[in-house]
Every structure is written in C-alpha cells, then in structure tokens.
Amino acid sequence: MTIAICTPSSRAKNELQVRYEIEDRITVTVPKTPVSMWVPVIPETPYQRIIDVSIVGPARYALTPEGEFGNQMLQAVLARAGGDNQELNISYGVERLPVMHMLDPSCARTLATSCKAACGQDSC
C-alpha cells in the first residue's frame, strides 16, 4: 500500500511556526539529607526545535540519557538546607511546527467494518 504524504512548502512552514516559552518550576522542602531528582527534558523532534534552555537553582546538575530509551534527563542534587524551601527552574524556548500529514484523497475510503463485527450488535 502506498500513502502519499504532502508536506507544506518551506514558506508555509515558516508561517505556521509557533514559539513557546515553557518553565518547569520545582520547589522542594529539603530534609536534613541531600535530595536527588530526575526531571525529563523536552526533546527535539522533526516538528519541534529547542532554541534555548536555562537551568537556575542551587542544585548541582547534569544532563544524562536514561538507560532504556535514551531520553534526556536532568539529574539534580539539592544539598542539605535544614528544611528551607529550594527551587529549581528549567526554562525552554521551543519552536514548533504543526504536525501536518495530508492524506491523498485517492487513498481514503470508508471503513468496511460492520456493526456486528465491531460491537456484536446489528446496529451501533
């Protein structure tokens, strides 16, 4: 089976781009021992580009891939602070295109599934 996927021209893509500012704010009441946390990082995809990342807070951190799927994670350690609230802020600048796949009309057809086969009744 062949399905035609139509992609907009580069000019149309630029007109449809949307930019977002996203901020993850994590507040922790730190106990008497250090706190380790793992925070997923927004990924780049064919339809999404990360323009800027800013990490602000008292934590030591590193970007590491997780073992099973390779997704980027921010691993942070908040030191002891005697119960004071501590905040870790992760800010992203994201540029996004809409996910657009236009189906070739010659490939579209009605579903051949009957109500009897789908739900066991004569009519749905």
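Below is a table of values for the structure above.
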| read-out | value |
| --- | --- |
| Scan of region 85-123 for residues that are part of a loop (DSSP other than H, G, I, E, B), modelled with pLDDT under 75, surrounded by 10 or more Cβ atoms within 10 Å (Cβ to Cβ) and not small (Gly, Ala, Ser), ordered by number | Met100, Asp104, Thr113 |
| Options Ala12, Ala79; residue that is over 30 Å from Pro105 (Cβ atoms) and at pLDDT below 85 | Ala79 |
| Pairs with Cβ under 8 Å, 6+ apart, first in region 21-39 and within 16 Å of Gln75 (Cα to Cα), second among the acidic types (Asp, Glu) and modelled with pLDDT of 90 or more | Val39/Asp24 |
| Every residue from region 22-51 that is part of a strand (DSSP E or B) and in contact with an Asp or Glu (Cβ under 9 Å, 6 or more places away or on another chain) | Arg25, Ile26, Thr27, Val28, Thr29, Trp38, Val39, Pro40, Gln48, Arg49, Ile50, Ile51 |
| Residue match in region 62-69 (condition: among the polar types (S, T, N, Q), out of contact with any Phe, Trp or Tyr (no Cβ under 8 Å at 6 or more places or on another chain) and assigned to a loop (DSSP other than H, G, I, E, B)) | no |
| Subset of region 57-91 (residues that are hydrophobic (A, V, I, L, M, F, W, C) and in contact (Cβ under 8 Å) with a residue 12 or more places away in the chain) | Ala59, Ala62, Leu63, Met73, Leu74, Ala76, Val77, Leu78, Ala79, Ala81, Leu88, Ile90 |
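The values are calculated or read from the model by the stated rules, or taken from the named source; none is laboratory data. Keep in mind it's a predicted model, so treat the numbers as computed, not measured. All Cβ positions, glycine included, derive from the backbone under ideal geometry; neighbour counts span all protein chains shown.
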